[in-house]
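The values are calculated or read from the model by the stated rules, or taken from the named source; none is laboratory data. Bear in mind that the values here come from a model prediction, so they are computed numbers and not experimental data. All Cβ positions, glycine included, derive from the backbone under ideal geometry; neighbour counts span all protein chains shown. For accessibility, only protein heavy atoms count, side chains too; no ligands or nucleic acids. Shrake-Rupley method; radii C 1.70, N 1.55, O 1.52, S 1.80 Å.
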Amino acid sequence: MARPLFRRKLDLSKGKIELVHGSGGKASAQLFEEVFLPSFRNPALERGDDSADLSLGGRIVVATDGHVVSPLFFPGGDIGYLSVHGTINDVACGGAIPHAITVGFIIEEGFPLADLNRIAASMGAAAREANVAIVAGDTKVVERGNCDGVFITTTGIGTVPDSIENPPRADRPEPGDKILISGPIGEHGVTILAAREDLPLATPSKSDTAPLHRMAQSILHAAPGTKTLRDPTRGGLATAINEICRSSGTGAQLVESAIPIKPPVASACEVLGVDPLYLANEGKLIAIVPANEADAALDAMRAGPHGEGATEIGEIIRDPHGFVQIETALGGKRMVDWLVGDPLPRIC
């Protein structure tokens with residue numbers, strides 16, 4: 001019988017992260033075995049290698065994301081859920097079914113083990129819900145004051161089904177294509193702002209963080225001509241549409257009255273002087289589809305749990321300058337530029 005490697009278990013209720021936990025030695029192994037492995041458990045991870053051998057065929061989509069949200073825990077989620085959902089959604093917007101995630105942690109000395117265990121549990125729950133395995137990772141610990149609790153970097157890997165001949169790309173939209181959004185915007189941004197500043201909102205908001213890969217596949221099968229899928233995270237809806245227009249050499253015409261915004265978000269934005277078009281979303285999907293497939297795409301969105309508020313919000317237009325404009329509620333038009341500066345850092 002093998003001799004136990006650890007003399008005593010970690011105190012997951014009161015213990016703290018120490019520099020030795022990032023040394024690569026026995027303490028690092030204990031952190032892996034008692035915090036991460038129970039939450040992420042799968043055959044690839046249990047082998048204990050520095051890499052994972054995955055059997056993936058066909059076209060592969062890879063996406064990498066960093067997560068530095070502050071605060072770490074907020075209504076509707078935490079950095080753990082956010083890191084998994086954000087990576088899944090980036091892979092899904094490439095037309096792929098996500099299969100695996102790798103994760104890197106940078107943790108501050110003194111960080112509570114209870115909080116780290118909670119974050120790991122959230123990541124494991126989010127991955128299992130999405131049928132995605134967390135297959136490899138790394139942990140580093142830095143001196144107190146050189147990090148803000150914990151930062152997480154994730155890489156997602158997925159494959160594009162053979163049935164999808166033309167995966168969505170940012171350079172494919174053409175004039176006449178319709179712009180769809182899967183639901184109300186701005187919820188995540190307002191939630192983080194309220195939690196960070198302890199704002200007493202009349203009606204509390206919660207983050208919309210959610211996995212969107214099943215919705216994405218439904219859209220692509222219902223509307224095979226789909227040009228682009230994009231999750232409007234940092235920079236919000238406005239920046240995402242500007243990015244797409246720049247890549248495709250087109251412009252866009254949005255309709256302000258058609259863009260769904262929940263009353264608590266609208267009220268908070270009015271009080272704070274924030275434009276909801278620039279607020280981050282973590283559970284919303286933009287789809288740009290041919291006009292004759294818009295209804296089918298909307299039906300696919302609305303059929304799932306995260307797309308009940310799906311609607312058409314504008315169309316792609318011919319514009320050599322790549323401008324995005326919006327028709328206001330008063331009937332006028334104004335330009336919608338890229339996000340300038342960073343009015344709300346550490347949003348995801």
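Compute the Cα gyration tensor for the stretch 205-285, then decide on rounded, prolate or oblate, letting a ≥ b ≥ c be the square roots of its eigenvalues: rounded whenever a/c is under 1.5, prolate when a/b is larger than b/c in the other cases, and oblate in all that remain.
Values: a/c = 2.16, a/b = 1.39, b/c = 1.55.
In terms of gyration-tensor shape, oblate.
Could you work out [θ]222 nm for the chain from helices alone, using -39500 (n - 2.57) per DSSP H run of at least four and dividing by all its residues? Round to the nearest 500 deg cm²/dmol. Before the final figure, lay out the partial values.
Values: 10 runs with 99 residues, N = 348.
Counting only the DSSP helices, I get -8500 deg cm²/dmol.
Going by a ≥ b ≥ c, the root eigenvalues of the Cα gyration tensor, does the stretch 190-348 fall in the rounded group (a/c under 1.5), the prolate group (a/b larger than b/c) or the oblate group?
Oblate, since a/c reaches 1.5 and b/c is not below a/b.
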Q) If each of residue 202 and residue 50 carries a label point 7 Å out from its Cα toward its Cβ, how far apart are those two points in nm? A) 5.8 nm
(Q) Can you work out the Karplus-derived ³J(HN,Hα) for every residue in the stretch 78-87? Use 6.51 cos²θ - 1.76 cosθ + 1.60 with θ = phi - 60°, whole Hz, and x for glycine or proline. (A) 7, 4, x, 4, 4, 5, 6, 4, x, 6
Q. Taking springs between alpha-carbon atoms closer than 10 angstrom, which of 245, 269, 93 fluctuates most in the Gaussian network model of the chain?
A. 269
Q: Could you please state how large a percent of the accessible area of the stretch 240-322 is carbon and sulfur, counting protein chains only and using a 1.4 Å probe?
A: 49 percent
Q) From the backbone phi of the stretch 199-210, what are the Karplus-calculated ³J(HN,Hα) couplings (6.51 cos²θ - 1.76 cosθ + 1.60, θ = phi - 60°) in whole Hz, Gly and Pro given as x? A) 7, x, 6, 4, 10, x, 10, 9, 4, 9, 3, 6
Q. Anyone know which of 69, 271, 336 comes out most mobile in the 10 Å Cα GNM of the chain?
A. 271
Q) GNM on the chain, C-alpha springs below 10 Å: top fluctuator among 180, 229, 12? A) 12
**Q.** Rough spin-label spacing in nm, given labels placed 7 Å along Cα→Cβ, for residue 26 and residue 138
**A.** 2.5 nm
Q) Do any of 178/262; 9/206; 178/333 go past 27 Å between their Cα atoms, and which? A) 9/206
Q) Which of rounded, prolate, oblate describes the stretch 68-111, given a ≥ b ≥ c as roots of the alpha-carbon gyration tensor eigenvalues and a/c under 1.5 marking rounded, otherwise prolate only if a/b is larger than b/c? A) oblate
Q: Taking a cut-off of 18 Å between Cα atoms, list the lysines near residue 16, but don't count ones fewer than 8 places away on the same chain.
A: 26, 140
Q: Would you indicate which of (i) 38, 24, 15; (ii) 28, 23, 20; (iii) 29, 27, 20 is the value of semi-axes √(5λ) of the Cα gyration tensor in Å derived from the coordinates of this structure?
A: (i)
Q) So what J values fall out for the stretch 41-52 if you push phi through Karplus, 6.51 cos²θ - 1.76 cosθ + 1.60 with θ = phi - 60°, rounded to Hz, Gly and Pro as x? A) 3, 6, x, 5, 6, 5, 5, x, 7, 7, 8, 10
Q. To the nearest Å, what is the center-to-center distance of the stretch 281-348 and the stretch 127-179, using C-alpha atoms only?
A. 21 Å
**Q.** Extension reserve of the residue 325-residue 174 stretch, reckoned as 0.36 nm per residue once the Cα distance is removed
**A.** 52.7 nm
**Q.** Gain on full stretching of the segment that runs from residue 292 to residue 33 - 0.36 nm per residue minus C-alpha separation
**A.** 88.0 nm
Q | Rel. contact order, % - alpha carbon contacts under 8 angstrom, at least six apart, the chain | A | 22 percent
Q) Modelled label-to-label distance, residue 346 and residue 8, 7 Å Cα→beta-carbon offset: nm? A) 3.3 nm
Q: Mind pulling the angle between the C-alpha long axis of helix 263-272 and the longest principal axis of the chain? Nearest 10 degrees, somewhere in 0 to 90.
A: 90 degrees
Q: Mind listing the long-range amide H neighbours of residue 97? Cut-off is under 5 Å, sequence gap 5 or more, other chains count too, H placed in the peptide plane at 1.01 Å from N.
A: 159, 160
Q. Helix 187-197: angle to the longest alpha-carbon principal axis of the chain, degrees 0 to 90, nearest 10?
A. 50 degrees
Q: Could you list which residues have their amide H under 5 Å from that of residue 141, counting only those 5 or more apart in sequence or on another chain, with H placed in the peptide plane?
A: 22, 107
**Q.** Nonlocal amide H pairs with residue 134, under 5 Å, H built at 1.01 Å
**A.** 101
